[in-house]
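Q: Quick one: this structure, given as structure tokens, is what I'll be asking you about.
The values are calculated or read from the model by the stated rules, or taken from the named source; none is laboratory data. Keep in mind that what you see is a predicted model, and the values were worked out from it rather than measured. With ideal geometry, Cβ positions are generated from the backbone for all residues, glycine too; neighbour counts draw on all protein chains shown. Side chains included, ligands, DNA and RNA excluded: accessible areas come from the protein's heavy atoms. Shrake-Rupley method; radii C 1.70, N 1.55, O 1.52, S 1.80 Å.
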Amino acid sequence: MDGVMREAGYLFKHTTNATQLEKNLVKREGALSREGCRWSCECENFDSRSKVFDDILAALRDGNVTRVGIHGMPGVGKTTMMEQVKRALVEKKESEEVAVAVVSATLEIKSIQRMLANDLGLSDLAKEDDESVRAGLLRHRLKNGKKMLVILDDVWCKLPLEDVGIDFGDSRAAKFS
């Protein structure tokens, strides 16, 4: 295994394209395989990160949990973790639809609604100017009975989900750091 890791380090230092790096690693005889490995060029895969990843997937698979929150200092890999969760759920067809919105420090409800609507193919939302009507359209679309993953990234302050159009009703939440 040491030889494989040394070779991976060499390839990492001498490859500028992340996709090519992954292909090189997967092609090498005895190198890291794609299956069973959550390796990513963006971050190092620590055992603690794998446990959090597994816990998040378990929470999302639990029929009683409707919300999962991941929090931590900037740059620790929260966005990368959610991309990996999204990929895992889509690949295993555990989520029929995925919508992603970047919230950012300047909380703009219409911008969040627009990003979610684009991912959900909700073209009617663009025609509507009233924020509460837009929220109603989104709410209706999100309650279509399909298994859906909504990712809100880069959240800096309390986000009024009902104003966006996300309604959980009585639900359980899970939080990870």
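Q: Given 0.36 nm per residue, what is the gain on full extension from Cys157 to Ser111 after removing their alpha carbon distance, in nm?
A: Values: separation 46, 0.36 × 46 = 16.56 nm, distance 1.56 nm.
Stretched out fully, the Cys157 to Ser111 stretch lengthens by 15.0 nm.
Q: Just list whichever of Lys92/Lys146; Lys86/Lys146; Lys51/Lys86; Lys51/Lys146; Lys93/Lys127; Lys93/Lys158 have alpha carbons separated by over 24 Å in the model shown. Intermediate values should be presented prior to the final figure.
A: Working: Lys92/Lys146 15 Å; Lys86/Lys146 16 Å; Lys51/Lys86 16 Å; Lys51/Lys146 28 Å; Lys93/Lys127 32 Å; Lys93/Lys158 31 Å.
As for pairs spanning more than 24 Å Cα to Cα, those are Lys51/Lys146; Lys93/Lys127; Lys93/Lys158.
Q: Pop a pseudo-label 7 angstrom from the Cα along the beta-carbon direction at both Val98 and Met148 and give the gap in nm to one decimal.
A: In this crude label model, Val98 to Met148 measures out at 1.6 nm.
Q: How much net charge surrounds Ser104 when only the other residues with a Cβ under 12 Å from the Cβ of Ser104 are counted, with Lys and Arg +1 and Asp and Glu -1? Numbers along the way, then the final one.
A: On the way: positive: none; negative: Glu108, Asp153, Asp154.
That sum, taken over residues with Cβ under 12 Å, equals -3.
Q: Using a 1.4 angstrom probe on heavy atoms only, work out the carbon and sulfur share of the accessible area of the stretch 46-126 in %. Please list the in-between numbers first.
A: Numbers: 2390 of 4560 Å².
Roughly 52 percent of what the probe reaches on the stretch 46-126 is carbon or sulfur.
Q: Report the FRET efficiency, 1/(1 + (r/R0)^6), for Glu128 and Asp55, where r is their Cβ-Cβ distance and R0 is 41 Å, rounded to 0.05.
A: With R0 = 41 Å, the Cβ-Cβ based efficiency is 0.60.
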